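Asker: For reference, the structure I am asking about is given below.
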Amino acid sequence: MSAPYWEATLVPTGVEPPRSWVAVDDTDAGALSLDGRWDFRYGRRADGSDLGDFVPDAITVPGHWQLQGHGQPQYTNVRYPFALNSPHVPEDNPTGEYRRSFAVPAGWDGGRVLLRFDGVDSCARITLNGHELGVSTGSRLPVEFDVTDLLSDGGQELVVRVHQWSAGTYVEDQDMWWLSGIFRSVTLLHRPADSIRDFWLNADFEPATGLGTVTAEVDAPAAVLSFPELGLEAELTAGTASSIDCGPVEPWSAERPRLYTGVLRTAGESITVRLGFRRVRVEQGQITVNGNPVLFRGVNRHEWDARTGRAVSAAVMATDVELMKANNFNAVRTAHYPPHPHFLGLCDAAGLYVIDECDLETHGYLIDEFTSTPENPVLQPEWVEPLRQRMQRMVERDKNHPSIILWSPGNESGAGPAVDAMLEWVGRRDPSRLRIYEGDKSSRHVDVYSLMYTPHEKVRALGEYREEPHADAAADEHRRTLPFVLVEYVHAMGLGPGGLSEYDELFATYPRLQGGFVWEWIDMCIDPGDGRWLYGGDFGEELHDGNFVADGLLLPDRTPSPALADVKAVFSPIRVDLANVKDGSIGVHNRHEVLDLAEFTIAWRAELDGECVFQVQEQLPPLPAGESMELAVPAGVLAAVAPGPAIASVHVRILSGAGLEVTRNAAIVARPADHALAADGALATAGSALLSGAELERGLESLWGVHSLSPRLWRAPIDNDRSFSWQPRDDFWRKAGLDQLTHRHENGPEGITIHSTPPGLEWSLVTRIAGTPLPATGGATGGLELDITQDFTGEPPEHLPQIGLDVALVDDYCQLDWLGLGPGEGYPDTGQGNTFGRHQAGLQQLTTPYVYPQENGARAGVEWARMSSAQGRAVELRASRPVSLALRPWSTEELAQATHGFELEVGTDRHLSLILASSGVGTASCGPGILDHYALGAVKQQVRLQLSPGRQDVTA
Ligand code: GAL
């Protein structure tokens, strides 16, 4: 018995040769969208024996059936969802059959008619009017069938039987949901007589002369290429590549994505075409575009929409590109498959360098980073040609996009002849772009050396060409000539990533290091329609990888997580240094690749106690790319904040020509003499009026609404600390009993002492709180001044997540105003997007709804704060040195116990974490842990706090 097609077919059958993808709006040839509602039936046997009857209008195309009521989504990272027995797949093979009828539009006379599927996951047998057209494989690549001779005179009936599992599944083991079906558009295309079958307009820019050349290949009779803007009208000959001089042109780059729009015309068809002139090279060990070394400030993007999975609308694609540009990204890696081609058009227009990655991953066959099992498909002869064809299908589809400057054969598949064949083929087909592949550590067939999640010190070694040699001397020699890029780094899972600034410094220091791509763009959770964010295991799957699917810079609904602001700040192509602002100047550093600063403006604002007292905007001078300068502070700015009884601050924002904020910064230039509590001062009236413990408790309760005080060393585990992480610090912290401290309060004549001890261990944290009343002023009730010290006895653990106090409050505080870092959360190695100043946030903004609940929301560097409650209570705090405050409607334990954000309800309880010292967060959920200088040891803490009744001022 021969193998069924879903286990046998490694290449699509019955299809047209691959060619450039043309959007239906870009051609005057007719097109009929077959998207919409289709009839559907579903079963679990690939032979269709249990399919039942069609249900009319039962499913939306494009879409996944698991998100439309059939079968379940399943999420696995590395593991295949079934036993490895290639090319066999389980008998239980969810299968959906789609059916729809359509009529061929009138006027499609002559020529041919093609049927195009832009993406079907994972294998489909397609039948038109009872004739089998062929079989599609390669889930994220298009297939086209010539249906001309199969069209009937009346209506047409198209039937597509799709299988969840197929031989192709063995090469599509990407870290993502297993989701099936016709998930991209289906289109019927008229190809008139004498239309254009394929074309490639490869536009080169010569940096030395500024001249552009187009190498044009066209598969069409008598085609004419015209670009009126370039004064160009050229006749092209089919079958030969014409080289067309275009004269002086403006080059295309991510910073200045200059596109020229023209027309490619034959007797049968006109196609709108776009040229981006650019030259990509490796020169002196660096990737250059138009002769300029590139620094990738990139991100890995999966196609994702929480409601529709990998079926993403044009609007979602546009949002992604817009958000990437607005947040200072200049590059995107299409992890780990060719995206919908419309996305690439958006990258051409907006200016994003693209690594276009083929639909290949065999991660489940890898034993470790360097070795794979012998069964790995990339080692099998029968996979060489099918995978080479996948590369060809991607490259032919996408070759006209100037934004693509690197081709990648896939992700995490190890090395082998099939990958070599993909790289060799593209090297011949398109020498105008570079090749990158992380999975073959020898880098034999690539132009760029790449790794992922490499710790900082190893990256530094790479920057200094001091990396460990490869075992093969020839490969090592070649690899040492290559530029280096981190195809994935800083894993944006939950709170974090930490360590981004240190990577950025390395990239700035060593020319060989040309940046990297943050993992990843969006949390790939599924919203079943009610706003809940679900992850692996939430659909009853036994085999799954939990919330590891949620590791993006955007929350599942595309709300930016705090990390996005941090990345934006670190990636900013313009840096503003305010260290000398008081002396009348600031430092400006232009980190662009080509742009000078003439088109940017700087907006200055002077504030007194957070109120704007002066503002002015001015054009920046044309500082060339790569250079720095001192810029004078406009006279009015400093005059407006001349020392007075207020906190004086200067704020700057740099705006692009389009008015988008590129970066911002702020500095305090003066503060009232008595504003800060002296760090080393003693309690105001120490000795004379120390309150007893009981008095202090009563005072705290009546002034602040304090219900209880619990010293705190533990934090609700963040993804970077949890047991799957490369540095599972939470396991260590739990073993040290940090999550189970028991407290013994002693109220003495001189205040409160709290001994906090883990079960069965001998060390303890001793918290001493002494207090004195503060005199009332101007008819207001007086406050309290506290002196808090926290110290250790015995042998506490070497690393701690934090040192501080949790304050349970009886009032439902709903707003925090503070002087410190903001507006977002900040931990020692995050918060680069924050600036120092006056900030205000309501309760909801004070917490970050990470998919998996964890520590979040702490505002750092706080010197003064006012907490306001819905009942009208307001309390002001002044601290003798910066502290962190987190105001949340949940206790640390509640936060730690919840496994989904929707389990946490907002009641009237309020908990304030007063954090005197905090550990960094690192990026160990996948990558290096907390850098040494951000780790926290058991170090004595002390702070003086003044608490006073505050002015009630709730605006949130
Ligand atoms: C990488 C892989 C990505 C993703 C990431 C962890 O190894 O290439 O696809 O799995 O780890 O989130």
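The values are calculated or read from the model by the stated rules, or taken from the named source; none is laboratory data. Please read these numbers as outputs of a predicted model, since none were measured by experiment. Don't worry about glycine lacking a Cβ; one is built from the backbone with ideal geometry, like all the others, and counts go over all protein chains shown. Calculation scope for accessible area: heavy atoms of the full protein, side chains included, ligands and nucleic acids excluded. Shrake-Rupley method; radii C 1.70, N 1.55, O 1.52, S 1.80 Å.
Asker: Please identify the pairs in which a residue from the range 491-506 that is farther than 17 Å from ASN300 by Cβ and polar (S, T, N, Q) has its Cβ atom under 7 Å from the Cβ atom of a residue that is in a loop (DSSP other than H, G, I, E, B) and open to solvent by 10 Å² or more (accessible area, probe 1.4 Å), counting only partners at least 6 apart or on another chain.
Answerer: These pairs meet every condition: SER501/GLN832.
Asker: Is the range 483-492 home to any residue that is of a type in the set (D, E, K, R), within 12 Å of the ligand (Cβ to nearest atom) and open to solvent by less than 20 Å² (accessible area, probe 1.4 Å)?
Answerer: Checked against the condition, which is being of a type in the set (D, E, K, R), within 12 Å of the ligand (Cβ to nearest atom) and open to solvent by less than 20 Å² (accessible area, probe 1.4 Å), the range 483-492 yields at least one hit.
Asker: If you check ASP57, ASP109, ASP53, ASP47, which single one turns out to be modelled with pLDDT under 95, open to solvent by 30 Å² or more (accessible area, probe 1.4 Å) and among the charged types (D, E, K, R)?
Answerer: ASP109 is the lone residue from the list that is modelled with pLDDT under 95, open to solvent by 30 Å² or more (accessible area, probe 1.4 Å) and among the charged types (D, E, K, R).
Asker: Then there is this: Residues GLY861, GLY857: which one is part of a strand (DSSP E or B), touching a residue at least 12 places away in the same chain (Cβ under 8 Å) and on the phi > 0 side of the Ramachandran plot?
Answerer: Within the list GLY861, GLY857, the selection yields GLY861.
Asker: Of all the residues that make up the range 362-379, how many are polar (S, T, N, Q), modelled with pLDDT of 95 or more and either open to solvent by 40 Å² or more (accessible area, probe 1.4 Å) or touching a Cys at 6+ places or on another chain (Cβ under 8 Å) (or both)?
Answerer: Residues meeting the conditions: 0.
Asker: Step by step: first the residues of the range 150-173, then only those that are modelled with pLDDT of 95 or more and charged (D, E, K, R), then the one that is farthest from the ligand (Cβ to nearest atom). Which residue is that?
Answerer: Across the range 150-173, the extreme among qualifying residues is GLU157.
Asker: Looking at the range 644-658, which of its residues are open to solvent by less than 50 Å² (accessible area, probe 1.4 Å) and of a type in the set (Gly, Ala, Ser)?
Answerer: GLY644, ALA646, ALA648, SER649, SER656
Asker: How about the range 383-401: which of its residues are open to solvent by less than 10 Å² (accessible area, probe 1.4 Å) and within 26 Å of the chain's Cα centre (by Cα)?
Answerer: Passing the criteria: MET391, MET394, VAL395, ARG397, ASP398, LYS399.
Asker: Looking at the range 361-475, what helices (runs of 4 or more DSSP H) fall wholly within it and have at least 1 residues that are closer than 30 Å to ALA924 by Cβ?
Answerer: Once the helices (runs of 4 or more DSSP H) in the range 361-475 are filtered for at least 1 residues that are closer than 30 Å to ALA924 by Cβ, what remains is 417-429, 456-463.
Asker: Which members of the range 767-781 meet the condition of being open to solvent by 10 Å² or more (accessible area, probe 1.4 Å) and either touching a residue at least 24 places away in the same chain (Cβ under 8 Å) or within 42 Å of the chain's Cα centre (by Cα) (or both)?
Answerer: ALA770, PRO773, LEU774, ALA780, THR781
Asker: Residues of the range 174-232 being of a type in the set (Asp, Glu) and within 16 Å of the ligand (Cβ to nearest atom), which ones?
Answerer: ASP175
Matching residues to (1) open to solvent by 40 Å² or more (accessible area, probe 1.4 Å); (2) within 33 Å of the chain's Cα centre (by Cα):
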{"position": "GLU762", "(1), (2)": "yes, no"}
{"position": "LEU765", "(1), (2)": "no, no"}
{"position": "GLY783", "(1), (2)": "no, no"}
{"position": "THR789", "(1), (2)": "no, no"}
{"position": "ASP812", "(1), (2)": "no, no"}
{"position": "GLY837", "(1), (2)": "no, yes"}
{"position": "GLN845", "(1), (2)": "yes, yes"}
{"position": "GLU863", "(1), (2)": "no, yes"}
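For every residue, the table says whether it meets (1) under 22 Å from CYS525 (Cβ atoms); (2) in contact with a strand residue (DSSP E or B) (Cβ under 8 Å, 6 or more places away or on another chain); (3) open to solvent by 40 Å² or more (accessible area, probe 1.4 Å).
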residue	(1), (2), (3)
ALA808	no, yes, no
PRO853	yes, no, no
ALA870	no, yes, yes
LEU885	no, yes, no
ALA898	yes, no, no
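Asker: Same structure again: Give the range 225-264 a look and list any residue that's of a type in the set (Ser, Thr, Tyr), more than 25 Å from ALA625 (Cα to Cα) and either open to solvent by 60 Å² or more (accessible area, probe 1.4 Å) or under 34 Å from the mean Cα position of the chain (by Cα) (or both), or say none.
Answerer: Matches in the range 225-264: THR237, THR240, SER243, THR261.
Asker: Moving to a separate point now. Looking only at the range 909-928, count how many residues are at pLDDT 95 or above and closer than 30 Å to HIS707 by Cβ.
Answerer: 11
Asker: Okay, next question. Which strands (runs of 3 or more DSSP E) sit wholly inside the range 166-224 and have at least 2 residues that are surrounded by fewer than 19 Cβ atoms within 10 Å (Cβ to Cβ) and over 35 Å from the mean Cα position of the chain (by Cα)?
Answerer: Those strands (runs of 3 or more DSSP E) span 211-219.
Asker: Out of the strands (runs of 3 or more DSSP E) lying entirely within the range 1-103, which hold 3 or more residues that are acidic (Asp, Glu) and closer than 16 Å to VAL162 by Cα?
Answerer: none
Asker: Condition check: closer than 30 Å to VAL289 by Cα, of a type outside the set (A, V, I, L, M, F, W, C) and outside any loop (DSSP other than H, G, I, E, B). Does TYR503 satisfy that?
Answerer: yes
Asker: Now for a different question. If I filter the range 379-423 down to residues being within 16 Å of the ligand (Cβ to nearest atom) and touching a Gly at 6+ places or on another chain (Cβ under 6 Å), which single residue comes out as farthest from SER139 (Cα to Cα)?
Answerer: Ranking the candidates gives GLY414 first.
Asker: Still on this structure: Out of the residues in the range 495-518 meeting the condition of being in contact with an Asp or Glu (Cβ under 7 Å, 6 or more places away or on another chain) and aromatic (Phe, Trp, Tyr), tell me which one is surrounded by the most Cβ atoms within 10 Å (Cβ to Cβ).
Answerer: PHE517
Asker: Those residues that are within 16 Å of the ligand (Cβ to nearest atom) and of a type outside the set (Gly, Ala, Ser), I need them from the range 322-355; list them, please.
Answerer: Those that are within 16 Å of the ligand (Cβ to nearest atom) and of a type outside the set (Gly, Ala, Ser): VAL332, ARG333, THR334, HIS336, TYR337, PRO338, PRO339, ILE355.
Asker: I've got another one for you. Can you name every one of the strands (runs of 3 or more DSSP E) wholly within the range 544-624 that holds 2 or more residues which are open to solvent by less than 40 Å² (accessible area, probe 1.4 Å) and either of a type in the set (Gly, Ala, Ser) or modelled with pLDDT of 95 or more (or both)?
Answerer: Those strands (runs of 3 or more DSSP E) span 574-577, 585-590, 601-608.
Asker: If I filter the range 282-315 down to residues being farther than 25 Å from PRO251 by Cα and of a type in the set (D, E, K, R), which single residue comes out as farthest from the ligand (Cβ to nearest atom)?
Answerer: Out of the qualifying residues, it is ARG307.
Asker: Specify which of the listed residues (ARG274, ARG279) is in contact (Cβ under 8 Å) with a residue 12 or more places away in the chain, under 30 Å from THR509 (Cα atoms), away from the ligand (no atom under 16 Å from the Cβ) and surrounded by 15 or more Cβ atoms within 10 Å (Cβ to Cβ).
Answerer: ARG279 is the lone residue from the list that is in contact (Cβ under 8 Å) with a residue 12 or more places away in the chain, under 30 Å from THR509 (Cα atoms), away from the ligand (no atom under 16 Å from the Cβ) and surrounded by 15 or more Cβ atoms within 10 Å (Cβ to Cβ).
Asker: May I ask you to list the residues in the range 506-521 that are more than 12 Å from the ligand (Cβ to nearest atom) and part of a strand (DSSP E or B)?
Answerer: LEU513, GLN514, GLY515, GLY516, listed by residue number.
Asker: List the pairs whose first member sits in the range 732-753 and is farther than 17 Å from LEU800 by Cα, whose second member is open to solvent by 30 Å² or more (accessible area, probe 1.4 Å) and at pLDDT below 95, and whose Cβ atoms are under 9 Å apart, counting only residues at least 6 apart or on separate chains?
Answerer: Hits for this filter: PRO749/LEU690; GLU750/LEU690; GLY751/LEU690.
Asker: Report, by residue number, each residue of the range 450-475 that is open to solvent by less than 20 Å² (accessible area, probe 1.4 Å) and more than 16 Å from the ligand (Cβ to nearest atom).
Answerer: Listed by number, the residues that qualify are HIS456, VAL459, ALA461, LEU462, GLY463, GLU467, ALA475.
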